[in-house]
Amino acid sequence: MNVVVSNSSDVPLYVQIKEQIKDAILKGELEDGELLPSIRSFANDVQVSVLTVRRVYEELEKEGFAVSQAGRGTFVSMGNLELLRDSKRRIIEQDLQKAVHNARLFDIAKDDLYAMLDILYEED
Amino acid sequence: MNNILEVNGLVKRYPAFSLDNISFSLPEGCVTGFIGANGAGKTTTIRSILNLAHKDAGTIKIFGLDTVKHEQEIKDRIGIVMDGSYFYNELSMQDMKSIVAPAYSKWSDADYRSYMEKFELDPKQKISTLSKGMRMKFALVLALSHQAELLIMDEPTSGLDPLVRSQFLGIVMDYMENGGKGVFFSTHITSDLDKIADMLVLIDGGKIILQQSKDDLLDTFRIVKGNVALLNDQNRQLIRGLKVSSFGFTGITDHVAKMKKELPDVLLEKATIEDIMLAYIGGGNDDR
Amino acid sequence: MIANLVKKDFLLVKKSIVGFLGISILVPLLAIILMRNTAQIQGIGMFIFLYMVILMELSFMQAVATEEEKSQKATALLCAAPYPRKSYVIAKYICYLISYGVCVAVYSIIAAVYPRLDFLNIAEALVGFLVGTILYGVYTPVAIKYGITKARLVFTAAILLMSLGPILTIKVFRSDITLILSFMQNTSGTLVPIILGIAGVGIFLISMIVSIRIFAKKEL
């Protein structure tokens, strides 16, 4: 994981770090269940204060990206992501449901639906 | 998060100087820098924490235990580094160690020997012949050789050359990475704090001025510079340590958002810990 | 714990220990040499012993206190370590007992070798203890509270008393002096030693408690 913080940015240090970790998780560079570095070693490596790292981990946990276990450390937790992805899927499912229903109503065949999807994807 | 050291309402009166209701708490796992100018009350506070000076009021807790009721138990678990004048000068380091070591239940001679070697100290050497840097290192050896959970240090780096200072900082980092639960050290050398402090406590005139995470301080404060003409009675309030000259004004602010709104044409720069400290204790605004 | 603090006091003056022993040996030797031609005085041993004790205390305790005051803050470091302040004081009183014991030992060895010098009986030994304890018992709290410069006055007073004392005693008790000396010599009975013992131990304990209280309040 690459975390580079800028001292001359207006964005607070803890926000910079938090966002970079979130990015790493979403991109898959950090895997579900992976142990994040210990607060002290992370702080020493990135050269920020322990309290800053602590705050990052706390906020990551609040926002659903990590889970801390007493005595063992903080782990990446994709639980929330699954939920997010699931709920997005559900929205699309619902839209597709409507399309299928209308297709049946207007007597449009499944193959025609597929053809329409292809064209729509190419338009984007 | 547990607090490793809690000072509450500490009062200590001397004829010429008083600690006035000092309160602060240090979370576990942090290196805390206790900064202030000379005479601000740092040493008096530390001596009160260690019961070397008897407080007139207030409670102090270390590891959640009261320092008066559990004095010996607490002292067994903390390492102390004071300046080099706290040794018997006529004795050798070995002799000094033979007096101090038995007081600690978890003393480790193996640790002692390995630290002495690491710091290149000859145990048979007489303490009066040691340089200031070597004395500080010896004090560290004694503090680190009994599995101390908390290190309390009073101006450990004053009078030391930059090389020794940097070695000292490295040792503190190692200590924290290897099971140390906290470090509390007083200093007036702010550059040390830039490197290793997690939390800062600023004291001036016997009062605590601020206690904050170092990164928070550096995130919140900015140096402001601009044209004197832009100042008015209102936006003046947002600036500390204001200095006005014929070329412009300069100061420090922690109200960055307001500053950008009220004075959009000023220059905002990152402040160092020293800037922040001076702004608070430099004696108010200076308008000519 | 306390043992280490006792060791500390000896460590601080380790260079001078031979000197102290020398003093304690010299006093009886000198007395023997000076008196070799005179008739044996009953009970002179007591005075010799008294001198030994007082001089030993003077030199040893003063030396330790001087070293301690040179490195005043070292005491603070020890009290910042898990040494209770009480132990710090008790250790000093144990040092006194040790030096008293050394005087008894040295005297007895010399008495064993030199037939004209009688061994100490209980009463005489206790007189030595009492006088030494009074001296030490006043010196120590003063030294802890006011520093060794003022405490030195105590020793100066003691030296004065020592030099004038016997003369004064003789002047005052002129005719009775032999009576007193033989009284001391003959009393192996219980009353006098008990009184002396109680007085000695009492003063020892009171002084120690006072010193502990003073040191507990002291700012380091």
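Read-outs: derived from the displayed coordinates by stated rules, not from any lab. Note that this is a predicted model, so its numbers are computed, not measured. With ideal geometry, Cβ positions are generated from the backbone for all residues, glycine too; neighbour counts draw on all protein chains shown.
Considering only DSSP beta bridges whose two residues both sit in chain B, what percent are antiparallel, to the nearest 5?
Values: 34 of 54 bridges.
Looking only at bridges with both residues in chain B, the antiparallel portion is about 65 percent.
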Legend entry - Å³ per residue enclosed by the Cα convex hull of segment C:1-152: 113 Å³
Legend entry - Cα extents of chain A along the three principal axes, largest first (Å): 66, 34, 20
Inset, instruction - List the residues whose amide H sits under 5 Å from the amide H of A:MET78, counting only those 5 or more places along or on another chain, with H placed 1.01 Å from N in the peptide plane. - result: A:GLY33
Legend entry - Vicinal HN-Hα couplings computed from phi for segment C:12-22 (Karplus, 6.51 cos²θ - 1.76 cosθ + 1.60; Hz; Gly/Pro x): 4, 10, 4, 5, 9, 4, 4, x, 5, 4, x
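Summarise the partner chain shielding of B:28-35 as one whole number: the mean count of Cβ atoms from other chains within 10 Å of each residue's Cβ.
Working: counts 1, 6, 6, 4, 0, 0, 0, 0.
Per-residue shielding by partner chains comes out at 2.
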Inset, instruction - At q = 0.12, 0.15, 0.18 Å⁻¹, work out log10 I(q)/I(0) for segment A:1-53 with the Debye formula, treating every Cα as an identical point scatterer and leaving solvent out; two decimals please. - result: -0.26, -0.41, -0.59
Inset, instruction - Using a 10 Å Cβ count of at most 14 others and DSSP loop calls, identify the longest part of chain C lacking such chymotrypsin sites (Phe, Trp or Tyr not before Pro). - result: C:1-118
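Can you list the trypsin sites (Lys or Arg not before Pro) in segment B:100-182 that are in a DSSP coil and have 13 or fewer other beta carbons within 10 angstrom? Display every interim value, and only then the final one.
Details: sites: B:LYS106, B:ARG113, B:LYS118, B:LYS124, B:LYS126, B:LYS132, B:ARG135, B:LYS137, B:ARG165, B:LYS181; in loops: B:LYS106, B:LYS124, B:LYS181.
Filter output for segment B:100-182: B:LYS106, B:LYS124.
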Inset, instruction - Please build a GNM for chain C, connecting alpha carbons under 10 Å apart, and tell me which residue among C:SER16, C:SER71, C:SER59 fluctuates the most. - result: C:SER71
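Over chain A, calculate the relative contact order: mean separation of alpha carbon pairs under 8 Å at least 6 apart, over the residue count, as a percent. Before the final figure, lay out each step's value.
Values: 99 pairs, mean separation 24.4, N = 124.
Relative contact order of chain A: 20 percent.
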Inset, instruction - Mind checking segment B:101-151 for GluC sites (Glu not before Pro) that DSSP puts in a loop (not H, G, I, E or B) and that have at most 12 other Cβ atoms within 10 Å? - result: B:GLU120
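How large is the translational diffusion coefficient of segment B:124-168 in µm² per second when you combine the Kirkwood radius over alpha carbon pairs with Stokes-Einstein at 20 °C and 1.002 mPa s? Working shown, then result.
Numbers: Rh = 11.5 Å.
It diffuses with D of about 187 µm²/s by this estimate.
When N is the residue count of segment B:77-213, what does its C-alpha Rg come to as a fraction of 2.2 N^0.38 Å?
Values: Rg = 15.1 Å, N = 137, 2.2 N^0.38 = 14.3 Å.
Compactness ratio reported: 1.06.
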Inset, instruction - Quick one: which residues, 5 or more positions from B:MET153 or on another chain, have an amide H under 5 Å from its amide H? H modelled 1.01 Å from N in the peptide plane, none for Pro or chain starts. - result: B:VAL81, B:PHE184, B:PHE185, B:SER186
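How large is Rg/Rh for segment B:147-278, to two decimals, with Cα atoms and a Kirkwood Rh?
Values: Rg = 18.1 Å, Rh = 16.9 Å.
Computed over Cα atoms, the ratio is 1.07.
Excluding A:ALA103 itself, what net charge comes from residues whose Cβ is under 13 Å from its Cβ, given Lys and Arg +1 and Asp and Glu -1?
Details: positive: A:LYS98, A:ARG104, A:LYS110; negative: A:ASP95, A:ASP107, A:ASP111, A:ASP112.
Charge balance near A:ALA103 sits at -1.
Taking only C-alpha pairs under 8 Å that are 6+ residues apart, what is the relative contact order of segment B:74-202 in percent? Working shown, then result.
On the way: 167 pairs, mean separation 40.9, N = 129.
Dividing the mean separation by the residue count of segment B:74-202 yields 32 percent.
Would you mind checking the pairs B:LYS42/C:LYS7; B:LYS12/C:LYS217; C:LYS7/C:LYS145 and listing those with alpha carbons more than 26 angstrom apart?
Numbers: B:LYS42/C:LYS7 33 Å; B:LYS12/C:LYS217 14 Å; C:LYS7/C:LYS145 23 Å.
Pairs exceeding the cut-off: B:LYS42/C:LYS7.
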Inset, instruction - Would you tally the net charge around A:GLN20, using a Cβ to Cβ cut-off of less than 12 Å, leaving A:GLN20 out, and scoring K and R as +1, D and E as -1? - result: 0
Legend entry - Cross-link partners of C:LYS14 among lysines (Cα-Cα below 22 Å; sequence separation of 8 or more within a chain): B:LYS97, B:LYS124, B:LYS126, C:LYS70, C:LYS73, C:LYS92
Legend entry - For the protein assembly as shown, the Rg and Dmax computed from alpha carbons only, in angstrom: 37.1, 148
Inset, instruction - Work out from phi, with θ = phi - 60° and the Karplus expression 6.51 cos²θ - 1.76 cosθ + 1.60, the ³J(HN,Hα) of each residue of segment B:115-125, listed in order in whole Hz, and give x for Gly and Pro. - result: 5, 4, 5, 4, 8, 6, 10, 9, x, 7, 6
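Just round it to a whole percent: the fraction of Cα-Cα distances in segment B:102-183 exceeding 14 Å.
Numbers: 2123 of 3321 pairs.
In whole percent, the share of Cα-Cα pairs in segment B:102-183 beyond 14 Å is 64.
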Inset, instruction - Tell me the Kirkwood hydrodynamic radius of segment B:1-118 in angstroms, computed as one over the mean inverse distance between distinct C-alpha pairs. - result: 16.3 Å
Legend entry - Helical mean residue ellipticity (222 nm; -39500 (n - 2.57) per DSSP H run of 4+; nearest 500) of chain B: -9500 deg cm²/dmol
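Report, to two decimal places, the Cα Rg of chain B normalised by 2.2 N^0.38 Å (N = number of residues). Write down the numbers at each step before the final one.
Working: Rg = 21.4 Å, N = 288, 2.2 N^0.38 = 18.9 Å.
That ratio works out to 1.13.
How high is the relative contact order of chain C, given as a whole-number percent (alpha carbon pairs under 8 Å, six or more residues apart)?
On the way: 194 pairs, mean separation 65.7, N = 220.
Computed value for chain C: 30 percent relative contact order.
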Inset, instruction - Write out the chymotrypsin sites (Phe, Trp or Tyr not before Pro) in segment B:1-43 meeting two conditions: DSSP loop, and at most 14 other Cβ atoms within 10 Å of their Cβ. - result: B:PHE17
Inset, instruction - Output the Cα-based Rg and Dmax of segment B:1-42 in Å, rounding Rg to one decimal and Dmax to a whole number. - result: 12.3, 39
